[in-house]
Amino acid sequence: MRKRIFSGAQPTGELHLGNYLGALKNWVALQTEYESFYCIVNLHAITLPQDPATLRQKTLDLARIYLAAGVDPERSTIFIQSDVPEHAELAWVLNCVARMGELERMTQFKDKGKGEERASVGLFTYPVLMASDILLYQTDLVPVGQDQKQHLELTRDLAERFNRDFGETFVVPDPYIPPVGAAIMSLKEPEKKMSKSDENLNSTIFLLDDADTITKKYKKAVTDSGTEITFDGSRPAISNLLTIYHLLSGKPTKDCEAHFEGKGYGDFKSELAEVTIEFLKPFQERVREYDDDSLEAILKSGAEKASAVASETLKNVYQSMGIR
Ligand code: AMP
Ligand code: TRP
């Protein structure tokens, strides 16, 4: 049997180059070899307050982005999390397997919840819902960016604990974190990751940014002292920009360094803008291609395929626990 992949993204904010290079690009590359499930995780979105009309719209927009990025509905299953109710059901079961202490150690909760009394309980148990997403499909491999590594470790721990206590039920998944691109950094503060929720819009290149905006954002991007354009961990701003150039141009790293030898930051930034604009152009055209009806048809068939697998897993889980 072909090995299985599961991954997902939240339908909040706008997707950016970090999401593409850290996750989506690998989803597309891996779908030929693996049986793939790519989910729009709208139940994760409501762990923070969302406007209902916007959430509804963003959910469909994200499906368009998956397709435009190259996720092929003939090969991969694309679906919306809430269309398969087993996600929420298994999350409840796993909430009874997870421990307070292990969730308290999740750094993303600490960042997003900021220790606030008013943070939702859903935000606290968010990684358990993510574990449920993954384990429902007996997933072998989960392609994600670096920021999800800790959630994957929790998922593995929950799967192993469940298997130990109730008998072999879940496949224990491995993360797939790309060697380059797993953490694309902010253009303004290269010590922080590029993020959907950054208040400074100049920090982030969104996949739907127009040419002008892209050029301006790179112009305003911070650089390091010195003049060299090389991959060098001690010069995080330039390394980050060069990583983006390397991944979008497809040129080997050595060739990128050689190409910019003796050139200034100004030239580098305008070439980087060119490569980015060229790369995003066909993607942006494809995003507009899918009308609502064809999209709904893809999502409906995706939900049916996903349900068949998810219901089988949940049935086994309930059976082994004595839940009727
Ligand atoms: P999210 O937008 O938070 O739902 O994330 C969707 C996917 O993009 C996840 O696999 C993240 O790990 C990945 N991701 C988010 N931000 C970055 C970034 N700055 N660099 C690389 N990958 C990222
Ligand atoms: N937590 C992930 C993020 O914010 C999104 C996500 C939810 C996910 N469920 C998942 C990713 C299952 C991979 C597998 O990026």
| task | Name the residues whose placed amide hydrogens come within less than 5 Å of the amide hydrogen of Asp174, ignoring near sequence neighbours (fewer than 5 apart) on the same chain. | result | Leu141, Val142
| Among the listed pairs Lys112/Lys216; Lys196/Lys263; Lys193/Lys217; Lys110/Lys269, those beyond 23 Å (Cα-Cα) | Lys112/Lys216; Lys196/Lys263; Lys110/Lys269
| query | Under a no-solvent Debye model with one identical scatterer per Cα of the range 1-144, what's log10 I(q)/I(0) at q = 0.13, 0.15, 0.19, 0.21 Å⁻¹? | reply | -0.59, -0.79, -1.24, -1.43
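Could you order His246, His259, His44 by accessible surface area, starting with the largest, using a probe radius of 1.4 Å? Kindly include the intermediate steps, with their values, before the conclusion.
Values: His246 30, His259 65, His44 5 Å².
The residues order as His259, His246, His44, largest area first.
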| task | May I ask you to list the lysines whose Cα is less than 17 Å away from that of Lys305, ignoring any residue fewer than eight positions away on the same chain? | result | Lys3, Lys315
| remark: When all Cα-Cα pair distances of the range 119-260 are considered, the percent exceeding 27 Å is 40
| request: Using only the alpha carbons, work out the radius of gyration and Dmax of the range 176-319 in angstrom. | output: 20.0, 67
| field | Accessible surface of the chain [probe 1.4 Å, protein heavy atoms]: carbon and sulfur percent | value | 51
| Simple label model, 7 Å out from Cα along Cβ direction - Asp210 to Glu116, nm | 3.4
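Per residue of the chain, what 222 nm ellipticity follows from adding -39500 (n - 2.57) for every DSSP H run with n ≥ 4, rounded to the nearest 500?
Taken over the chain, the calculation gives -16500 deg cm²/dmol.
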| remark: Taking every other residue with Cβ under 9 Å from the Cβ of Phe260 and scoring Lys and Arg +1, Asp and Glu -1, one gets -4
| About its Cα centre, what dipole magnitude does the range 31-101 give when the only charges are +1 on Lys and Arg Cβ and -1 on Asp and Glu Cβ, stated in debye to the nearest 20? | 280
| Rounded accessible area per residue of the chain, 1.4 Å, Å² | 48
| task | Using Cα positions and a limit of under 20 Å, work out the aspartates and glutamates in reach of Lys149, with same-chain residues fewer than 8 apart set aside. | result | Glu102, Glu104, Asp111, Asp133, Asp140, Asp157, Glu160, Asp174, Glu191
| Over the chain: Kirkwood hydrodynamic radius from C-alpha pairwise inverse distances, Å | 20.8
| remark: A chain fully extended from Ser311 to Arg286 at 0.36 nm per residue, minus the present Cα-Cα distance, gains in nm 5.7 nm
| query | Using θ = phi - 60° and the Karplus form 6.51 cos²θ - 1.76 cosθ + 1.60, what ³J(HN,Hα) does each residue of the range 39-52 get, whole Hz, x for Gly and Pro? | reply | 10, 9, 8, 6, 6, 5, 4, 7, 5, 10, x, 10, 7, x
| request: Evaluate E = 1/(1 + (r/R0)^6) for Val180 and Met321, where r is the Cβ-Cβ distance and R0 equals 41 Å; express this FRET efficiency to the nearest 0.05. | output: 0.45
| query | Kirkwood Rh, the range 201-286, all Cα pairs: how many Å? | reply | 13.2
| query | How much FRET efficiency would the formula 1/(1 + (r/R0)^6) give for Ile46 and Lys220, where r is the Cβ-Cβ distance and R0 is 25 Å, rounded to 0.05? | reply | 0.15
| field | Anchor Lys25: aspartates and glutamates whose Cα lies under 15 Å away (excluding residues fewer than 8 positions away in-chain) | value | Glu33, Asp72
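Let me check I've understood the local charge: for Ile214, count other residues with C-beta under 13 angstrom from its C-beta, Lys and Arg +1, Asp and Glu -1. What total comes out?
Details: positive: Lys216, Lys217, Lys219, Lys220, Lys269, Lys281; negative: Asp209, Asp210, Asp212, Glu271, Glu274, Glu278.
The answer is 0.
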| Summed residue charge, Cβ within 13 Å of Thr54's Cβ, Lys/Arg positive, Asp/Glu negative | -1
| Check Met185: other-chain or 5+ apart residues with amide H under 5 Å from its amide H, H built from backbone geometry? | Met194
| Virtual spin-label span in nm between Lys192 and Lys3, 7 Å along Cα→Cβ | 3.6
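The values are calculated or read from the model by the stated rules, or taken from the named source; none is laboratory data. All values derive from a computational prediction rather than experimental measurement. Cβ atoms come from the backbone with ideal geometry, glycine included; neighbour counts cover every protein chain shown. What goes into the accessible areas is simple: the full protein's heavy atoms, side chains included, and nothing from ligands, DNA or RNA. Shrake-Rupley method; radii C 1.70, N 1.55, O 1.52, S 1.80 Å.
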